[in-house]
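Novice: Mind having a look at this structure? Questions to follow.
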Amino acid sequence: MAVTSLKYFLLIFAVIMIFLLTKNPYELKYNPKSKNQANVVLFGVKTYDISNLGVDSLLIASKIERFTGYDKLYNINALHKGKLSLVDSVLANKGLLAKNILYLNDNVKYTRSDDLALNSNSVKYDLKNKILSSNKKFEFTKKNTKTIGTSFIYQMQKGIISAKHIKTVIRIDN
């Protein structure tokens, strides 16, 4: 009886181990000797910020590489529930996080649940000071207003936007 139970236990253990080995949601590499290679590589990443009110933010990335002093992110999809129950969404092909500054590149799209949208090829976000900026062409849209420019600085806590070489089109519906 004990031998039969042991055989079943080993069979179940082997099946579970094969399943876990083939699933492989994360791959970890550690190479402290080379600065050109990532210390840690994560695939299919989903991270949540949870408070007593529920999920505050969600970050999905197809790949994150952690180097000494900075992280590289690929195919980013981030959601954040901010003040006044507004939901922010950010999509970008690439990102780099270093010294509390997030650099987003290639097809950056920011949308907010109150119909505000930003499209640019490159955006910089200072996490500490909550300042969003870009030195590349951008397009802001909000309901009937579309603003195009060459660079901007948005102080998110104060709600102040400074932009250069802008053109704004306001559509009036009759």
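The values are calculated or read from the model by the stated rules, or taken from the named source; none is laboratory data. Quick caveat, the model's predicted, so the values are computed rather than measured. Counting neighbours? That spans all protein chains shown, and the Cβs are built from the backbone with ideal geometry, glycine included.
Novice: Can you pull out every residue in region 147-162 that is free of Cβ contacts under 8 Å to residues at least 24 places away in the same chain and either surrounded by 15 or more Cβ atoms within 10 Å (Cβ to Cβ) or of a type in the set (Asp, Glu) (or both)?
Specialist: Correct list: Thr147, Ile148, Gly149, Ser151, Phe152, Ile153, Tyr154, Ile161.
Novice: Could I ask something else about it? Which condition number in (1) outside any helix (DSSP H, G or I); (2) among the hydroxyl-bearing types (Ser, Thr, Tyr); (3) at pLDDT 70 or above is the one that Thr4 fails?
Specialist: Here Thr4 clears every test but (1).
Novice: From the list Ser89, Ser133, exactly one residue is more than 22 Å from Lys46 (Cβ to Cβ) and polar (S, T, N, Q). Which is it?
Specialist: One residue alone meets the criteria, Ser133.
Novice: Taking the stated definitions as given, is Val87 within 15 Å of Thr111 (Cβ to Cβ) and either over 10 Å from the mean Cα position of the chain (by Cα) or surrounded by fewer than 16 Cβ atoms within 10 Å (Cβ to Cβ) (or both)?
Specialist: It is true that Val87 is within 15 Å of Thr111 (Cβ to Cβ) and either over 10 Å from the mean Cα position of the chain (by Cα) or surrounded by fewer than 16 Cβ atoms within 10 Å (Cβ to Cβ) (or both).
Novice: Further, regarding this structure: Just for region 118-146: of the residues that are assigned to a strand (DSSP E or B) and charged (D, E, K, R), which one is surrounded by the most Cβ atoms within 10 Å (Cβ to Cβ)?
Specialist: My answer is Lys124.
Novice: Is one or more of the residues making up region 124-141 farther than 22 Å from Lys158 by Cβ and small (Gly, Ala, Ser)?
Specialist: no
Novice: Regarding Asp126, is this residue within 24 Å of Val55 (Cα to Cα), in contact with a His (Cβ under 8 Å, 6 or more places away or on another chain) and not hydrophobic (A, V, I, L, M, F, W, C)?
Specialist: The answer is no for Asp126.
Novice: Would you point out which residue out of Leu42, Leu96, Leu58 is closer than 25 Å to Lys158 by Cα, in contact with a Phe, Trp or Tyr (Cβ under 8 Å, 6 or more places away or on another chain), modelled with pLDDT of 75 or more and surrounded by 15 or more Cβ atoms within 10 Å (Cβ to Cβ)?
Specialist: Sole residue among the options that is closer than 25 Å to Lys158 by Cα, in contact with a Phe, Trp or Tyr (Cβ under 8 Å, 6 or more places away or on another chain), modelled with pLDDT of 75 or more and surrounded by 15 or more Cβ atoms within 10 Å (Cβ to Cβ): Leu58.
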